[in-house]
Amino acid sequence: MNVLRRAWGWFDDRTGLPGPVGELLRHPVPPGIGWPRVLGSATLAVFILQVLTGTALATVYIPATDSVYDSLVFISREATLGRVIRGMHFYGASAMMILVTLHTIRVFVSGNYKYPREMNWITGGFLIVVTFMMAYTGQLLRWDNHSIWSTLVAIRHIGHAPFIGEWLGQFVLAGDRITGATLSRAFAFHVFFLPAVLFTFIGLHLFLLIRNGSSEPADKEILAEPETYRQEYEELVEREGLPFWPFAAWRDAVFALGVFAVIIILALVFGPQELSIPPDPAVPIPEPRPDWYFLWYYAIFAVLPYEIARFAYVLVPLLSMVFLFSLPFFAGRGERHPLRRPWIIGVTIFGIALVLGFQEAGRRAHWAPEIAVDPLPAEVVGATEGPVYEGAILFHENGCLACHAIEGNGGQFGPDLSNTGTELTIGEMSNVILNGVSGMPAYQNLLTREEVDLLLTFLQSRQE
Ligand code: HEC
């Protein structure tokens, strides 16, 4: 005992840490802080869990295209605890997305973004954006056929966005198509850059939480006015405040442990998302879709008409961010109680309903290649024998029709080829077919010279 006490005394004397840390833990918070306040700390707790499980995964994961899939298989089947840790990282990502969203809604509804906590809100906004980016890059690191195909679909969507679409697509892919550079870029962002940004902004966010204090609960509301707020808040906390630890912190601890338990149980019982076959740009999968929390966003293209969707795809996230970041500047004063700010309830319900509606549409959407398409009808082909006819057969048999429509028959994944004979030269067409482009496999090893010629003859015949 004595030794321990002396060691503690030595540590205290040499670092000076225990005093300030203890003070921090016991900083006074307003009375009556309830359960909804645990969402922020739980997000942080899950983030730390993600760092731990992610670091463990990174010790085995190989971010190089020739070995990455094998390393994923190794993690999932052989490595000690690999399956559970991959599972925890997988469900942890979902948990973080849910918690960070609920936390934001809570702060939004209770008006805690108002004076003097505008910067708490803004640093929080950055944290959400970066969390979304983490989730996105993480999915790409699960480098199986499903992952790269859903990325290709996303890139096709992004690519349609006006002005920045093409640039953005190339930025994500690190080039024009999915290659090792795409993987390296996603890995570097997911493992180095974005976590560093997250740590920085979490630090700022927590500093501001301590500096500006936890908001008083609704029944002790103080008007958010710069002239009076801080003084009244000080008085309230001095009069009735309680030390954060243990009076408020016990709820945080209990809730975070509960969330951990759920994550671990899911990982043990269900395991991580099963890997599909190794990435193969020549084998489109029936429904390449992102993990559930991005489905509503993919659905923009399935639900809205093309001309609106291509704008919505960039404008929805952009305008949401503009709205969120400017919110404290146009509504940063006055009352905070949700019942006295009815518009805020309207906006919240409308937003949630919209996202859920799109989510449901995304669950049913078919933006992917159509796997089972019928051959082209004879009247569309315009011939029942000869090279054009044979080319049309090959067009169906080789999956071209799954992605390209001819006069309304076939898939919508690639461009409509009804008039391609007028629009492209033979050279351009054969270049695309032999070498592929983003979203389309290269066919040079899959087709013979004669077959390519027949396909070209068929495409040539597609004139306006
Ligand atoms: C998995 C889906 C897919 C399959 C299968 C596919 N393509 Fe494509 N194809 C695309 C996409 C996507 C593009 C457009 C890429 C881009 O430039 O953005 C494209 C572009 C083309 C173009 C150029 C069109 C233009 O307007 O630029 C031609 C021609 C073409 N494909 C022919 C074929 C032929 C012939 C086959 C079968 C041998 C085939 N495609 C199979 C997805 C596919």
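Might you report the magnitude of the Cβ-based charge dipole of the chain about its Cα centre, with Lys and Arg at +1 and Asp and Glu at -1, to the nearest 20 debye?
Charge dipole of the chain: 2180 debye, to the nearest 20.
Take Leu447 and Arg6, extend 7 Å from each Cα along the Cα→Cβ direction, and tell me the distance between the two endpoints in nm.
The modelled label-to-label distance comes out at 8.4 nm.
Tell me which DSSP H helices of the chain clear both cut-offs, 24 Å or more of axial length from alpha-carbon atoms and a mean Kyte-Doolittle hydropathy of at least -0.5.
38-58, 82-109, 118-141, 194-212, 249-269, 306-330, 342-364
Measuring with a 1.4 Å probe in the full set of protein chains, what accessible area per residue, in whole Å², belongs to region 31-364?
Here the per-residue accessible area is 49 Å².
How much of the accessible area of region 378-460, in percent, comes from carbon and sulfur atoms when a 1.4 Å probe is used?
Of all accessible area on region 378-460, carbon and sulfur atoms account for 51 percent.
Hey, if you put +1 on the Cβ of every Lys and Arg and -1 on every Asp and Glu Cβ in region 31-364, which of Pro288, Tyr136, Gly203 ends up farthest toward the positive end of that dipole?
Checked the options; the winner is Pro288.
Carbon and sulfur together cover what percent of the accessible area of region 179-246 at a 1.4 Å probe radius?
Of all accessible area on region 179-246, carbon and sulfur atoms account for 65 percent.
Over region 31-364, what is the relative contact order in percent, taking alpha-carbon pairs closer than 8 angstrom and at least six residues apart?
The normalised contact order for region 31-364 reaches 31 percent.
With a probe of 1.4 Å, find how much accessible area region 378-460 has per residue, and write the answer as a whole number in Å².
Accessible area per residue, region 378-460: 49 Å².
The values are calculated or read from the model by the stated rules, or taken from the named source; none is laboratory data. Keep in mind that what you see is a predicted model, and the values were worked out from it rather than measured. Backbone-built Cβ (ideal geometry, glycine too); neighbour counts: all protein chains shown. Protein only, heavy atoms only, side chains kept; ligands, DNA and RNA dropped before computing areas. Shrake-Rupley method; radii C 1.70, N 1.55, O 1.52, S 1.80 Å.
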